[in-house]
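Derivation of every value follows stated rules applied to the coordinates shown; laboratory data play no part. No experiment lies behind these values; they were computed from the predicted model shown. Every residue, glycine among them, receives a Cβ derived from its backbone with ideal geometry; neighbour counts consider all protein chains shown.
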Amino acid sequence: MKKLLLMLLLTGAVVLPSFSQTLPRMDRYDLETEEGVIDADSIALPLAEYLFKVPAIKDDPARLRAMNFLNKWMEETPSFEFILDEDIMANFEEDRDITDLYMAALTKYQLQNPDIEDDRKISIGALKLLLDYADNDDNFVLLRDDMSRLMVAYKEGKLEQAL
């Protein structure tokens, strides 16, 4: 019986850390060179996914590094083009945290859906990712008036009409 309990504890000690969220290594990529930016294409999706798996704590250094890296990569990558929908951006243009999350959502949505070429569909898909994330209280996302209105519209199935 003691051996069984010990085995269960050891298994838990090995398995549980594998479920924790770890920040992908960014220090291997030099975003100051085109070659480095192209190499960083491989880390963009894991970074975006990481940002949607951890709470939006403003002063979390790992999260801030990931956001900054991803934003720089989005500006520099020749492999992808990210179109910022003005109708969507107008709802949070003065909220840097939401803007950063939307940029991560654009990355995540576009890289996970390479067959979708319609810019509007990509933008709305990214907004839905952001709203799903914001709807989870554990993520500590504060939505201001316009974004709260979009959240209500999204929950009612009327997001596109609200834009």
Along the Cα→Cβ direction, 7 angstrom out, place labels at Glu160 and Glu81. What is the inter-label distance in nm? 2.3 nm
If you place +1 on the Cβ of every Lys and Arg, -1 on the Cβ of every Asp and Glu, and leave all else neutral, what size is the dipole of the stretch 24-162 about its Cα centre, to the nearest 20 Debye? 540 debye
Proximal lysine pairs, the chain, alpha carbons under 19 Å, eight or more residues apart or interchain: 10
Could you identify which residue out of Leu101, Leu142, Leu150 has the top mean-square fluctuation in a GNM of the chain using Cα springs shorter than 10 Å? Leu142
Measuring from centroid to centroid over Cα atoms, what is the spacing of the stretch 90-120 and the stretch 62-89 in Å? 8 Å
Using a Förster distance of 35 Å, the FRET efficiency for Asp118-Arg96 (Cβ separation, nearest 0.05): 0.80
Separation of the Thr22 and Lys53 label points, Cα + 7 Å toward Cβ, nm: 1.0 nm
